[in-house]
Structures are given as structure tokens and as C-alpha cells.
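Engineer: My questions all concern the structure below.
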Amino acid sequence: MSVKVDSALDRLISVLPLKAKQDSCGEEIKELHRKVLRSFVEKGRILTKSEMAQHVVNIDEAMKILKSNDMMVFSCSGDPIGAYPFTMEDREHKVMVNGNIVNAMCALDALAVSPMFGFDTEISSKCRATGAPINIRQAGMTIQNTDEAGDIHFGIIWGAANACSCCANSLCMEMMFLKDRQTAESWLDEDKNNKETFTLHEAIDFAARFFVPLMA
């Protein structure tokens, strides 16, 4: 564990205290949240409102709690469309897991899927700075294609966090892959006050420590 990752983890938790929010819910809501997360891996999609309703006494109250805690994202019509680290929206970060292809909300979220659920994953994305394709094969905390992916970096623009918007539509949009160290350094130099970069190994550690506790 690095001091850099420790600091970044604390900073992200201050923006999105996801585990604390989950722990503040009753056991029924906590288990529903976990079922929603597992559905992306098991079914390749989020549970529908009617499917969610099978697991709680009052689905409207449950959805209200999940939304107010920013644990799930809902459409304007009230349909569930996302739960960190997943979304039904089309994003640049695709994750193949358990025979399904799902969208991750951001690059960090994509790296969390394998350690969260214990499945090997293949992440397909692009470098935000250059548009170069990104491919990462992951088994838990391990990068399986180090020759191809070993120099990939993760970048975040902390200044994108917005208290008036859910994290999925603010900070998540500015968490990205960068194809190599040189690209990451050039990207960082543009705004060192608001940007931060991590090696791929650091980013996997960061992602796992943030997300894995949700399934405990």
C-alpha cells in the first residue's frame, strides 16, 4: 500500500462515501444493493424495478434511499440505470466479465470489477489524451497482459467533483486511462493542481480498496 493511494482513497471517499452510505442503510437495502451489483456480472444488466421489488417490502422507499445516498443512478422516468461501478449508459470503458459485456462508469470502476467479484475481466477502452486503444486483461489484482498493458496509467481530474451533481455525471466523467507514462506526464503537466496520475498497479489497488468492501 502506498501513501499516494492512501491519500487518493481518502479523497475519493470524502467525495463519494459509498461504503459508509451502504452501512447506513438497513440490511434489506444493503442486500438489495449487492443484488443489483451482482446482476451486472450475472445477467449483464441492472435489475429492473420490478425485479428489485421482489427483494424489499417497499420498493419506492428503497429506491428513494438508494438515490438520495448516490448508491444508484436512475433515469428521468425513474428506471434504474446504474450502480457504481456499473452503468447501463454507453461509456468508453467496456468490461467483459462472466460472458457479459458491461459498461463501467469510469476507468477506476472498470479496474474494480475483477477484484470485487472474483472473475477474470477484459477491459476495452481508449486513452483519453490520444485516442489509442486500451486493452487490459485482469485477474483480481493481477494484470495478465503486462507486455501490452504494463505501462498504462490512470488519470483523474479532482476538480470535476461537483456537489450539485451525482458522482456518475461529474467526477466519474474525468477518471480515465492514459496509454503510457510519457502521455500521463504530459497530461499531468497541463494542470498539476487538479490532476493526478497513477500506475496501473496503483490504480487497481485504489479501485479494489474503494469497491471490494461493498460486497463484504
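The values are calculated or read from the model by the stated rules, or taken from the named source; none is laboratory data. Being a predicted model, the structure only gives us computed values, none of them experimental. Every residue, glycine among them, receives a Cβ derived from its backbone with ideal geometry; neighbour counts consider all protein chains shown. Ligands, DNA and RNA are excluded from the accessible area calculation, which covers all protein heavy atoms including side chains. Shrake-Rupley method; radii C 1.70, N 1.55, O 1.52, S 1.80 Å.
Engineer: Identify the single condition in (1) touching a helix residue (DSSP H, G or I) at 6+ places or on another chain (Cβ under 8 Å); (2) modelled with pLDDT of 95 or more; (3) in a loop (DSSP other than H, G, I, E, B); (4) surrounded by fewer than 23 Cβ atoms within 10 Å (Cβ to Cβ) that ASN135 does not satisfy, given that it satisfies every other one.
Structural biologist: (3)
Engineer: Would you confirm whether or not the range 40-47 contains a residue that is open to solvent by 70 Å² or more (accessible area, probe 1.4 Å), modelled with pLDDT under 95 and not polar (S, T, N, Q)?
Structural biologist: Looking through the range 40-47, none of the residues is open to solvent by 70 Å² or more (accessible area, probe 1.4 Å), modelled with pLDDT under 95 and not polar (S, T, N, Q).
Engineer: When you scan the range 119-132, do you find a residue that is part of a helix (DSSP H, G or I), modelled with pLDDT of 95 or more and of a type in the set (Phe, Trp, Tyr), even just one?
Structural biologist: no
Engineer: Now, a different point. Restricting attention to the range 1-44, which residues are under 15 Å from the mean Cα position of the chain (by Cα) and not in a helix (DSSP H, G or I)?
Structural biologist: LEU16, PRO17
Engineer: Still on this model: So, in the range 176-196, exactly how many residues are open to solvent by 20 Å² or more (accessible area, probe 1.4 Å) and in contact with a helix residue (DSSP H, G or I) (Cβ under 9 Å, 6 or more places away or on another chain)?
Structural biologist: The number of residues fulfilling the criteria is 5.
Engineer: Name the residues in the range 158-213 that are at pLDDT 95 or above, under 16 Å from ALA83 (Cβ atoms) and within 12 Å of the chain's Cα centre (by Cα), would you?
Structural biologist: Of everything in the range 158-213, those that are at pLDDT 95 or above, under 16 Å from ALA83 (Cβ atoms) and within 12 Å of the chain's Cα centre (by Cα) turn out to be ALA207, PHE210, PHE211, VAL212.
Engineer: Regarding the range 160-175, can at least one residue be identified that is part of a strand (DSSP E or B), under 15 Å from LEU12 (Cβ atoms) and open to solvent by less than 40 Å² (accessible area, probe 1.4 Å)?
Structural biologist: Within the range 160-175 (the criterion being part of a strand (DSSP E or B), under 15 Å from LEU12 (Cβ atoms) and open to solvent by less than 40 Å² (accessible area, probe 1.4 Å)), the answer is yes, since at least one residue qualifies.
Engineer: Next question. Got a number for residues in the range 75-90 being closer than 23 Å to PRO213 by Cβ and in a loop (DSSP other than H, G, I, E, B)?
Structural biologist: Of the residues in the range 75-90, 2 are closer than 23 Å to PRO213 by Cβ and in a loop (DSSP other than H, G, I, E, B).
Engineer: Moving to a separate point now. I need every pair where a residue in the range 140-151 that is open to solvent by 80 Å² or more (accessible area, probe 1.4 Å) has its Cβ under 8 Å from the Cβ of a residue that is assigned to a strand (DSSP E or B) and acidic (Asp, Glu), sequence separation at least 6 or different chains.
Structural biologist: GLN144/ASP120
Engineer: Have a look at MET88, MET71 and point out the one that is within 24 Å of LEU12 (Cα to Cα), surrounded by fewer than 21 Cβ atoms within 10 Å (Cβ to Cβ) and touching a Lys or Arg at 6+ places or on another chain (Cβ under 7 Å).
Structural biologist: The conditions single out MET88.
Engineer: All but one of (1) modelled with pLDDT under 95; (2) open to solvent by 30 Å² or more (accessible area, probe 1.4 Å) hold for ASN98; state the number of the condition that does not hold.
Structural biologist: (1)
Engineer: In the list SER75, SER68, SER125, SER114, which residue meets the criterion of being under 21 Å from THR142 (Cβ atoms) and free of Cβ contacts under 8 Å to residues at least 40 places away in the same chain?
Structural biologist: After applying the criteria, what remains is SER114.
Engineer: Kindly evaluate VAL102 against the criterion of being in a strand (DSSP E or B), aliphatic (A, V, I, L, M) and under 16 Å from the mean Cα position of the chain (by Cα).
Structural biologist: yes
Engineer: Open to solvent by less than 40 Å² (accessible area, probe 1.4 Å) and in contact with an Asp or Glu (Cβ under 8 Å, 6 or more places away or on another chain), is that true of VAL56?
Structural biologist: Criteria met by VAL56.
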